[in-house]
Amino acid sequence: VQLLASGGGLVQAGGSLRLSCAASGRTFSSYAMGWFRQAPGKERDIVAVISWSGGSTYYADSVKGRFTISRGNAKNTVYLQMNSLKPEDTAVYYCAIKFGSRWSLRGDEYDYWGQGTQVTVSS
């Protein structure tokens with residue numbers, strides 16, 4: 001399974017970015033998809049998760065109301081719409097998938113990871 005993330009970049013505070021992550025390969029089972037981020041010198045944190053059906057989502061408190069996670073119609077793509085960006089959102093953003101019927105907030109329970117995409121928000 002391969003995950004290809006894209007959409008990162010440099011944006012001013014208050015701006016928006018949309019991240020995409022496409023899964024390919026042996027993705028024949030149901031899986032949740034999540035976005036995590038890691039800022040320099042900090043641990044990797046959960047940002048948002050979406051279930052296989054798209055009917056359940058989770059957001060970290062720090063992004064609630066500003067970020068929206070969604071899945072494409074083919075379910076193998078996940079998006080993260082990021083609005084009202086703040087300098088503290090600056091990080092490398094990673095997408096990940098977790099096979100099975102239950103999603104998780106723990107990164108160590110995810111099965112595959114993308115390569116990461118840099119998001120930098122200037123003040």
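The values are calculated or read from the model by the stated rules, or taken from the named source; none is laboratory data. Note that the coordinates shown come from a computational prediction; the quantities given were computed from them, not determined experimentally. Methodologically, a virtual Cβ is constructed for each residue, glycine included, from the backbone with ideal geometry; neighbour enumeration extends over all protein chains shown. Calculation scope for accessible area: heavy atoms of the full protein, side chains included, ligands and nucleic acids excluded. Shrake-Rupley method; radii C 1.70, N 1.55, O 1.52, S 1.80 Å.
Evaluate the relative contact order of the chain (contact order divided by residue number), counting alpha-carbon pairs under 8 angstrom at least 6 apart; express in whole percent.
Numbers: 309 pairs, mean separation 44.4, N = 123.
Rounded, it is 36 percent for the chain.
So what's the net charge close to Leu80: Lys and Arg +1, Asp and Glu -1, counting the other residues with Cβ under 14 Å from its Cβ?
Working: positive: Arg18, Arg37, Lys64, Arg66, Arg71; negative: Asp45, Asp89.
Net charge around Leu80: +3.
Enter the accessible area per residue of the chain (Å², integer; probe 1.4 Å; all protein chains in place).
Working: 6350 Å² over 123 residues.
Accessible surface, normalised per residue, equals 52 Å².
In nm, what is the difference between 0.36 nm times the number of residues separating Arg102 and Ala39 and their Cα-Cα distance? Before the final figure, lay out each step's value.
Details: separation 63, 0.36 × 63 = 22.68 nm, distance 2.71 nm.
Gain in length upon complete extension: 20.0 nm.
Using 0.36 nm times the number of residues separating Ala60 and Phe28, minus their current alpha carbon distance, what extension gain do you get? Each step should come with its number before you reach the end.
On the way: separation 32, 0.36 × 32 = 11.52 nm, distance 2.84 nm.
The span from Ala60 to Phe28 would gain 8.7 nm if fully extended.
Magnitude of the Cβ-charge dipole of the chain, K/R +1 and D/E -1, about the Cα centre, nearest 20 debye?
Details: 13 positive and 8 negative charges, 54 e Å.
The calculation lands at about 260 debye.
Take Asn73 and Ser123, extend 7 Å from each Cα along the Cα→Cβ direction, and tell me the distance between the two endpoints in nm.
With each label placed 7 Å out from Cα toward Cβ, I get 4.4 nm.
For the pair Gln2/Gln115, report the inter-label distance in nm, with labels modelled 7 Å from Cα in the Cβ direction.
0.9 nm
Given Gly65, Val49, Ala22, which one lies farthest toward the positive end of the charge dipole of the range 16-86, if we put +1 on the Cβ of every Lys and Arg and -1 on the Cβ of every Asp and Glu?
Ala22
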